[in-house]
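Below is one structure, written out as structure tokens, with a few remarks after it.
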Amino acid sequence: MSHDYKSVQWTPFKKRFDLWMLGGIAMYLVGFISITYLTQPDGDSFTPIQALMRATGTLAFLLLTFILCIGPLARITDRFKPFLYNRRHLGVTTFLIALVHAALVVLWYHGFADINPLVSVFISNPRYDSLSGFPFEVLGVGALLIMFLMAATSHDFWNANLGPGFWKALHMGVYVAYALLIAHIALGAIQFEKSPIYVVLLASGGTIVAALHIATGLASFGGAKKPEQDGWLIVARTGEMEDGRAKIIKPQSGEAIAVFLDGDKISAVSNVCRHQGGPLGEGKIVDGCITCPWHGFQYRMEDGQSPPPFTEKIATYATRIVDGTIYVNPEPNAPGTPQAPSHIGATT
Amino acid sequence: MKRAHRKTHLILWLILGPAIFAIIALAVLQRPAAPINHALPGPLIEEAS
């Protein structure tokens, strides 16, 4: 969370994460190239460029598969929250690895053509009517262009200037990029690689990502609460609340509500972070503020405002406790409106 | 995510999920018995072989 422009918003935690990430990438590349040479069948002769091409291509696919699993998995277990926090650095790194892969392919397979190598990518194979001979490189170019757009607009500068709604919609393009990448591999490597491991990796990656997103997408629309006679919604019994954490309540219309317990105080705010729409109810209270699990944006419980010098505001909701049961009024107050918390143990 | 984004997200995956499954299945079924790279520029394949 930053109120002024910084080219990379590094924290000590993010720096450590990036070091681990770069170490892992280096190990993968060295390991892949070594195994390629050691297991090379007689008669085949890979050049170092070809081995690096395959290493970067498979790494970009595996990283993008992992990135797309982070969101749904973070909803299932807290263990993936640190990856959620560092997802942007992982995404930009994946784009750079894919770019190296593409550059190697263009130089190696098209660099010696009589025409412009970039033009050669699109016209050297005109078999658009064939499945096994389809010009799969074009699909990779499409995925790379979308990933470039994602990486180029990944900074909060663009989020602030484009608006969180448009920015989020734009960044859903990464799903289309993943589908193009799957098609790129299916019609490319799968058609000429002898090893079944490519089929297994592609099928399991695509199935896991699609299944996780469809399952969490369906779950996010389930469990809408029916209001009581006076229109308020039951949240939970006081004993069911965990200190510093929230229960997420879904009204039948409108946005989900995050009801937090901080000590003996119960407060409710919108579940949607102003930054990128992160699920605030999956975050926790840090230094007295509700903290978004995605990028650490913070809001005060009492009025839904970010602490100075930040200016973000979210809607607050009225709460009450009756006979040990917590209720929330699903009608939101205007963003940033002070709302007195309910106190556990106080007479209502 | 906002309700509208969650809806878009779900619709997108209900389209992309089966599409991904179909393309992988078709690609595996169409796979040549002795896989070769048809998609690379012809002169390079000839040169390599």
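The values are calculated or read from the model by the stated rules, or taken from the named source; none is laboratory data. All of these numbers come straight from a predicted model, not from anything done at the bench. Every residue, glycine among them, receives a Cβ derived from its backbone with ideal geometry; neighbour counts consider all protein chains shown.
Of all residues in the stretch A:181-197, those that are at the interface with chain B (Cβ under 10 Å from one of its Cβ atoms), outside any loop (DSSP other than H, G, I, E, B) and surrounded by fewer than 20 Cβ atoms within 10 Å (Cβ to Cβ) total 1.
Residues checked against (1) under 25 Å from A:ALA160 (Cα atoms); (2) in a strand (DSSP E or B):
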position	(1), (2)
A:SER267	no, yes
A:GLN276	yes, no
A:GLY296	yes, no
A:PRO308	yes, no
A:ILE321	no, yes
A:ILE326	no, yes
A:PRO332	yes, no
A:GLY345	no, no
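Annotation: of all residues in the stretch A:217-255 being of a type in the set (S, T, N, Q) and more than 9 Å from chain B (Cβ to nearest Cβ), the one that is nearest to A:ILE314 (Cα to Cα) is A:GLN252.
In the stretch A:113-135, what residues are more than 9 Å from chain B (Cβ to nearest Cβ), part of a loop (DSSP other than H, G, I, E, B) and either more than 25 Å from B:VAL28 (Cβ to Cβ) or out of contact with any Pro (no Cβ under 8 Å at 6 or more places or on another chain) (or both)? The answer is A:ASP114, A:ILE115, A:ASN116, A:ASP129.
Restricted to the stretch A:112-147, and to residues there that are acidic (Asp, Glu) and modelled with pLDDT under 90, the residue that is surrounded by the most Cβ atoms within 10 Å (Cβ to Cβ) is A:ASP129. Among the residues examined, A:PHE13 qualifies as modelled with pLDDT under 85 and either of a type outside the set (Ser, Thr, Tyr) or in a loop (DSSP other than H, G, I, E, B) (or both).
Filtered by the rule that a residue be of a type in the set (Val, Ile, Thr) and surrounded by 14 or more Cβ atoms within 10 Å (Cβ to Cβ), the stretch A:299-324 gives A:ILE314, A:THR316, A:THR319, A:ILE321. From the list A:GLU228, A:GLU193, A:GLU255, which one is among the acidic types (Asp, Glu) and farther than 29 Å from A:VAL272 by Cβ? Going through A:GLU228, A:GLU193, A:GLU255 in turn, just one is among the acidic types (Asp, Glu) and farther than 29 Å from A:VAL272 by Cβ: A:GLU193.
Residue-wise test of (1) of a type outside the set (Phe, Trp, Tyr); (2) at pLDDT 90 or above.
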| residue | (1), (2) |
| --- | --- |
| A:ALA256 | yes, yes |
| A:PHE260 | no, yes |
| A:ILE266 | yes, yes |
| A:SER270 | yes, yes |
| A:GLN276 | yes, no |
| A:THR291 | yes, yes |
| A:GLY296 | yes, no |
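Among the candidates A:TYR109, A:TYR175, the residue that is within 10 Å of chain B (Cβ to nearest Cβ) and at pLDDT 95 or above is uniquely A:TYR175.
Checking every residue in the stretch A:154-165 against the condition of being more than 30 Å from B:ILE24 (Cα to Cα) and within 11 Å of another protein chain (Cβ to nearest Cβ) gives at least one match.
Might you check whether a residue that is under 18 Å from the mean Cα position of the chain (by Cα) and not aliphatic (A, V, I, L, M) occurs anywhere in the stretch A:189-196? Among the residues of the stretch A:189-196, not one is under 18 Å from the mean Cα position of the chain (by Cα) and not aliphatic (A, V, I, L, M), which makes the answer no. The residues in the stretch A:136-180 that are farther than 22 Å from A:VAL100 by Cβ, among the small types (Gly, Ala, Ser) and either within 14 Å of the chain's Cα centre (by Cα) or not in a helix (DSSP H, G or I) (or both) can be counted, and the count is 2. Checked against (1) surrounded by fewer than 24 Cβ atoms within 10 Å (Cβ to Cβ); (2) under 22 Å from the mean Cα position of the chain (by Cα); (3) touching a residue at least 40 places away in the same chain (Cβ under 8 Å), A:ALA256 passes all but condition (3). Quick check on A:ALA151: is it under 29 Å from A:GLY57 (Cβ atoms) and within 11 Å of chain B (Cβ to nearest Cβ)? So A:ALA151 does not fit the description; no.
Is there a residue in the stretch A:88-95 that is assigned to a helix (DSSP H, G or I), within 14 Å of chain B (Cβ to nearest Cβ), in contact (Cβ under 8 Å) with a residue 12 or more places away in the chain and more than 30 Å from A:LYS284 (Cβ to Cβ)? Looking for residues that are assigned to a helix (DSSP H, G or I), within 14 Å of chain B (Cβ to nearest Cβ), in contact (Cβ under 8 Å) with a residue 12 or more places away in the chain and more than 30 Å from A:LYS284 (Cβ to Cβ), one finds none in the stretch A:88-95, hence no. Within the bounds of the stretch A:50-62, is there any residue that is away from every other protein chain (no Cβ under 14 Å), part of a helix (DSSP H, G or I) and surrounded by fewer than 17 Cβ atoms within 10 Å (Cβ to Cβ)? Yes: one or more hits.
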